[in-house]
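The values are calculated or read from the model by the stated rules, or taken from the named source; none is laboratory data. Note that the structure is predicted; figures quoted are calculated from it, not measured. Cβ placement follows ideal geometry from the backbone for every residue including glycine, while neighbour counts extend to all protein chains displayed. Each accessible area value is taken on the protein alone, full model and side chains, heavy atoms only, with ligands, DNA and RNA left out. Shrake-Rupley method; radii C 1.70, N 1.55, O 1.52, S 1.80 Å.
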Amino acid sequence: MNYSREKLLDAACKLGRGLLENGGEVYRVEQAIAFFMKAYGIENPQIFAIPATIIVTIPGDDGKAITQLERVTSISQNMDRLHLVNDLCRWVCDNTPSPDVIHKKLDEIHRTKLYSFVQVMFAYGVASAFFCYFWGGNTGDAIVAFIAGLGTEYCLKYMNRVKANVFFSNMVSSMVIAVIAILGMVCGLGNNIDMIIIGAIMTLVPGVGITNIMRDIISGDVITGTNKIAEVLLIAISIAIGIALPLSAFTNIFGGVL
Amino acid sequence: MDIVTGYMLPFIYAAMACAGFCVMYNMHDFKISLAACVGGGLAWVAYLLCAPSGSVMLQNFVSAVTVAIFSEIMARVFKTPSTIFLIVGILPMVPGGGIYYTMKYCIEGNMDMFVAKLISTLGVAGAIAVGVSLVSSVVRIINANKFSN
């Protein structure tokens with residue numbers, strides 16, 4: 001099992017990238033690459049990962065250090081793929097296959113099917129409707145929240161297509177939620193605008209971020225933690241602004257009563 | 001409080017909302033998704049059971065610990081990262097209501113309530129995070145010692 005060090009390094013980086021891009025934690029990426037290097041008998045690997053980058057340095061075939069950097073621009077929560085890449089990492093560490101095999105398996109994982117746009121849109125609607133019930137809304141509120149959920153995903157998808165940044169796409173999506181909630185109230189379907197809006201914005205609120213920040217900081221990844229704090233605050237503020245604009249416009253300019 | 005309306009309905013609502021998120025997070029395995037949804041429901045039942053304590057922070061802390069332990073167990077059962085169960089299970093506690101009311105008091109100009117709600121929202125987020133990280137720290141210490149021996 002004498003594979004070229006450069007190819008091994010590349011394979012390890014691609015595995016780490018697979019974990020990070022699909023929503024794995026930073027410590028999991030570092031740990032996986034460390035186990036990989038140990039399995040292939042590479043001594044003293046230097047591994048550093050933050051949500052945007054993975055840097056790995058190992059001694060090369062001729063003794064000179066070789067480094068590879070992976071820039072990760074978009075992180076999405078694809079739990080199924082995360083699960084598959086994680087399994088692949090374990091399998092690789094147990095069997096030490098050739099780097100080409102690893103690349104082939106990673107390609108297979110990246111071709112696995114994701115849910116279609118309509119399915120995801122429906123999921124947004126269901127989550128919004130049940131969170132509306134959950135916070136104490138009635139059936140009319142839940143129906144409006146369902147429609148707001150559909151609107152949210154449509155808007156997020158569109159914003160993603162026109163390459164809007166995180167702040168703007170969240171702000172516009174929450175404006176859509178607030179407008180749909182106000183329309184629902186005006187046509188008499190909804191009874192409690194608070195419940196409708198809370199139910200619908202639950203799909204935007206960065207719950208994953210909030211949960212992971214302290215874990216990162218406590219486990220020593222302080223850079224990752226502060227990185228995410230900034231992101232979470234940005235999203236929370238964008239949601240607040242997006243909801244506030246239509247609401248205050250409706251009550252103050254059009255003189256509506258909610 | 002009646003058991004059905006008090007605990008069963010919130011459990012179902014929380015679990016169904018989590019089911020929506022399972023699709024959003026691209027989980028295709030039915031058993032894993034089901035376990036994650038049950039985790040979300042359990043978290044909220046733990047929250048409700050702690051209601052007599054009268055402290056929102058304590059309620060969130062306890063339910064965060066519950067869902068974190070549940071995810072670590074399920075991660076061992078399904079041989080999959082515990083994050084999968086954790087990020088879905090934590091959702092019912094995420095302070096979406098807190099963010100909304102904070103914003104609402106802000107645009108109403110009700111500064112006392114705005115600050116009070118802001119602090120309590122940050123507190124809730126902190127309580128969840130501490131609960132989760134407590135469990136995962138303990139698990140990682142146990143794992144690290146197991147491998148070194």
Candidates A:PHE250, A:PHE167, filtered to the one that is among the aromatic types (Phe, Trp, Tyr), more than 10 Å from every other protein chain (Cβ to nearest Cβ) and crowded, with 17+ Cβ neighbours inside 10 Å: A:PHE250
Among the residues of region A:137-145, is there at least one that is outside any loop (DSSP other than H, G, I, E, B), free of Cβ contacts under 8 Å to residues at least 40 places away in the same chain and buried (at least 17 other Cβ atoms within 10 Å of the Cβ)? no
Those residues of region A:180-204 that are open to solvent by 70 Å² or more (accessible area, probe 1.4 Å) and touching a residue at least 60 places away in the same chain (Cβ under 8 Å) come to a total of 1
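Could you tell me whether A:LYS228 is of a type outside the set (Phe, Trp, Tyr) and in a helix (DSSP H, G or I)? Let's see the steps before the verdict.
Numbers: of a type outside the set (Phe, Trp, Tyr): yes; in a helix (DSSP H, G or I): yes.
So A:LYS228 passes the test.
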Does A:ILE177 fit the bill of being under 24 Å from A:PHE130 (Cβ atoms), touching a Ser or Thr at 6+ places or on another chain (Cβ under 7 Å), of a type outside the set (Gly, Ala, Ser) and more than 10 Å from chain B (Cβ to nearest Cβ)? yes
Some residue of region A:137-155 being under 17 Å from the mean Cα position of the chain (by Cα) and within 11 Å of chain B (Cβ to nearest Cβ): yes
Can you tell me which residue is nearest to A:GLU25 (Cα to Cα) among those in region A:180-210 that are in a loop (DSSP other than H, G, I, E, B) and within 11 Å of chain B (Cβ to nearest Cβ)? A:PRO206
Selected residue (only one of A:ARG71, A:ARG81 is under 24 Å from the mean Cα position of the chain (by Cα), within 16 Å of A:LEU19 (Cβ to Cβ) and in contact (Cβ under 8 Å) with a residue 60 or more places away in the chain): A:ARG81
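Just wondering, is there one or more residues in region B:5-20 that are buried (at least 18 other Cβ atoms within 10 Å of the Cβ) and polar (S, T, N, Q)?
Step one: filter region B:5-20 for residues buried (at least 18 other Cβ atoms within 10 Å of the Cβ), giving B:10-11, B:13-20.
With the extra rule that they be polar (S, T, N, Q), the set shrinks to none.
Scanning region B:5-20, I find no residue that is buried (at least 18 other Cβ atoms within 10 Å of the Cβ) and polar (S, T, N, Q), so the answer is no.
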Identify all residues within region A:218-247 that are buried (at least 17 other Cβ atoms within 10 Å of the Cβ), free of Cβ contacts under 8 Å to residues at least 40 places away in the same chain and more than 8 Å from chain B (Cβ to nearest Cβ); write none if there are none. A:GLY225, A:VAL232
Flagged in region A:108-121 as in contact (Cβ under 8 Å) with a residue 24 or more places away in the chain, assigned to a helix (DSSP H, G or I) and at the interface with chain B (Cβ under 8 Å from one of its Cβ atoms), in numbering order, are A:VAL120
When region A:214-232 is checked residue by residue, the ones that are farther than 18 Å from A:GLU30 by Cα and in contact with a Pro (Cβ under 8 Å, 6 or more places away or on another chain) are A:GLU231, A:VAL232
In region B:29-70, anything touching a His at 6+ places or on another chain (Cβ under 9 Å) and surrounded by fewer than 20 Cβ atoms within 10 Å (Cβ to Cβ) is listed as B:ASP29
